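Colleague: Following this message is one structure expressed as structure tokens.
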Amino acid sequence: MSIRLYSTLSRKLEELPPPPGPIRMYFCGPTVYARAHVGNARPFVVGMWLRNWLRANAYDTTLVHNITDINDKIYEAAPNASAKLAERATDWYLEDTGGLGLGMPDHLPRATEMVPQIVSFIEQLIATDHAYAVEGDVYFRVSRDPEYGRLSGQRPDQVEDQEPNPLKEDPRDFALWKANKPDEDTSWDSPWGRGRPGWHIECSVMAEELLGPAFEIHGGGLDLVFPHHENELAQSSALGHDFARIWTHNGMLRFTGEKMSKSLGNFVTLRDAIDEWGAQTLLVFFLTGHWRKPIDFSDETVAAAGTRADGFREVFRNPSEPAAESAWSGFEDALNDDFNTPEALAVMHGWRDHDLLLRALRVFGLESLAGDEAAPADLVEFAERRKQAREARDFEEADRLREEIERRGWEARDVAEAPGFRLVRRT
RNA sequence: GGCGCGGUGGCCGAGUGGUUAGGCAGAGGCCUGCAAAGCCUCGCACACCGGUUCGACUCCGGUCCGCGCCUCCA
């Protein structure tokens, strides 16, 4: 069975070419002006998992995940000090996503590293009449693109009115380059004067610089379909580039009934979530929902994911039972069919074969579930004493020791095999 | 107003025109000094109303409800 993914652009499942591809992927990363929240992690996680799965299937893959470090948001958050904030927030993002234990994408380009390429891209758009410069700004001419709206389904004439901007020929036009303003501490030289790139152009440029003018998959949050991705597509199409063939948009993370977002204030930072629940539980949590659907982040749903993670750990504490030769295909089919992780999880729960389970967990960066943490020496000693107490039928002492161990966050289990007990970290 | 997604058993969550999803929680049992873990057993679920069909949770139409985008947003 070949691998298929649902594409927003075609509104249907698209088949990937056979291995080794190549499959080049671009997943939209964050604008760095604050600590990332759990919802921001979803595209990162989905992108890394997809790359893992493709590699497991002998694909040659390249994953680009950008850092947008030039943006209105950053200037607003730190007037005259945006560069410093962007740098710090970039470090946070790398640290927090790194904490998930999934490794890193192949490239993490930053907008500030590609300004010359952005300028040259804009020059080409002007030269072909797809853009126009006015008073130090440059705008994309939406009316030149008869296909504008094909990704999002938005019709330009139906888009709600925006704040009027007298410099624009048409209110739907969007900025490619913005003239430097008083509170903005970063700016670059350009044919149109000092200034900096607009929002969407950096993604077109970073993607094409690293992946070429035509690549396989472009991912990102569902909230980026319009206008961000629509505009990326318009910019690149204007130069005759195919740009991305398959557009994957992950569903939003919901928290307290609504999309988790900084502007609504209903968010939990990724770092806090990792501290509270652990990376493994968080990853299993993401696994419980299909990537395209919204997923609810709540104590109940995350705790349930934690219990599932425990279930997998438990499998490795018990002897491996070889699975049928066909066992893998259920897992494979689930992931090949639009990367259906809830279905894949269901298949995995039936497995008692260590090698097989480990192979599957590896796809999701969860191979660490296979190894138990060693207990502190003093707890091992408690467990030894508990064992002796039990042998002496001093059950009061034995129970006291068990409670002591539990107070320290561990669980004492009596087992038949040597040494007669097992210490398991409680999660 | 425009574009789009969804409503499945206590909760999460796949899926299919007619056969068990799976997990979490809960009940009973085996095991245990008691536990824990594990194993076994247990749930007449598919928002509502019409229609198509021999038969629909699954297809079509409508209604209600929820969510996302149209403004910064993963």
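Colleague: Filter the stretch A:218-248 for residues that are of a type in the set (Val, Ile, Thr) and within 14 Å of RNA strand B (Cβ to nearest atom); which is farthest from A:Ser152 (Cα to Cα)?
Modeller: A:Thr248
Colleague: Let me ask something additional. Mind checking which residues of the stretch A:238-270 are over 21 Å from A:Arg292 (Cα atoms) and either in the same structural domain as A:Phe339 (by TED's automatic domain parsing) or in a strand (DSSP E or B) (or both)?
Modeller: A:Phe243, A:Thr269 - these are the residues of the stretch A:238-270 that are over 21 Å from A:Arg292 (Cα atoms) and either in the same structural domain as A:Phe339 (by TED's automatic domain parsing) or in a strand (DSSP E or B) (or both).
Colleague: Does the stretch A:301-312 contain at least one residue that is modelled with pLDDT of 90 or more, touching a Ser or Thr at 6+ places or on another chain (Cβ under 9 Å), open to solvent by less than 50 Å² (accessible area, probe 1.4 Å) and charged (D, E, K, R)?
Modeller: Within the stretch A:301-312 (the criterion being modelled with pLDDT of 90 or more, touching a Ser or Thr at 6+ places or on another chain (Cβ under 9 Å), open to solvent by less than 50 Å² (accessible area, probe 1.4 Å) and charged (D, E, K, R)), the answer is yes, since at least one residue qualifies.
Colleague: Going through the stretch A:327-369 one residue at a time, which ones are closer than 22 Å to A:Ala304 by Cα, within 15 Å of RNA strand B (Cβ to nearest atom) and open to solvent by 10 Å² or more (accessible area, probe 1.4 Å)?
Modeller: Passing the criteria: A:Asn340, A:Pro342, A:Glu343, A:Ala346, A:Val347, A:His349, A:Gly350, A:Trp351, A:Arg352.
Colleague: Are there strands (runs of 3 or more DSSP E) fully within the stretch A:149-237 with at least 1 residues that are open to solvent by 20 Å² or more (accessible area, probe 1.4 Å), closer than 29 Å to A:Ile23 by Cβ and out of contact with any His (no Cβ under 6 Å at 6 or more places or on another chain)? List them.
Modeller: So the answer is A:214-221.
Colleague: Which residue pairs have Cβ atoms under 6 Å apart, sit 6 or more places apart or on different chains, and have a first residue in the stretch A:283-299 that is acidic (Asp, Glu) and a second that is modelled with pLDDT under 95?
Modeller: Once the first residue is acidic (Asp, Glu) and sits in the stretch A:283-299, its partners that are modelled with pLDDT under 95 give A:Asp296/A:Arg254.
Each row is one residue, and each column tells you yes or no for (1) within 16 Å of RNA strand B (Cβ to nearest atom); (2) of a type in the set (A, V, I, L, M, F, W, C).
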| site | (1), (2) |
| --- | --- |
| A:Cys28 | yes, yes |
| A:Ala41 | yes, yes |
| A:Thr61 | no, no |
| A:Glu76 | yes, no |
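Colleague: Restricting the search to the stretch A:18-44, which residues are over 19 Å from A:His290 (Cα atoms) and outside any loop (DSSP other than H, G, I, E, B)?
Modeller: Hits for the stretch A:18-44 are A:Ile23, A:Arg24, A:Met25, A:Tyr26, A:Thr31, A:His37.
Colleague: Testing A:Arg352 on (1) in a loop (DSSP other than H, G, I, E, B); (2) touching a residue at least 60 places away in the same chain (Cβ under 8 Å), one condition comes back false. Which one is that?
Modeller: Single failed check for A:Arg352: (2).
The values are calculated or read from the model by the stated rules, or taken from the named source; none is laboratory data. From a predicted model like this one, the values you see are computed outputs, not experimental measurements. Please note: Cβ atoms are built from the backbone with ideal geometry, for glycine as well, and neighbour counts cover all protein chains shown. Calculation scope for accessible area: heavy atoms of the full protein, side chains included, ligands and nucleic acids excluded. Shrake-Rupley method; radii C 1.70, N 1.55, O 1.52, S 1.80 Å.
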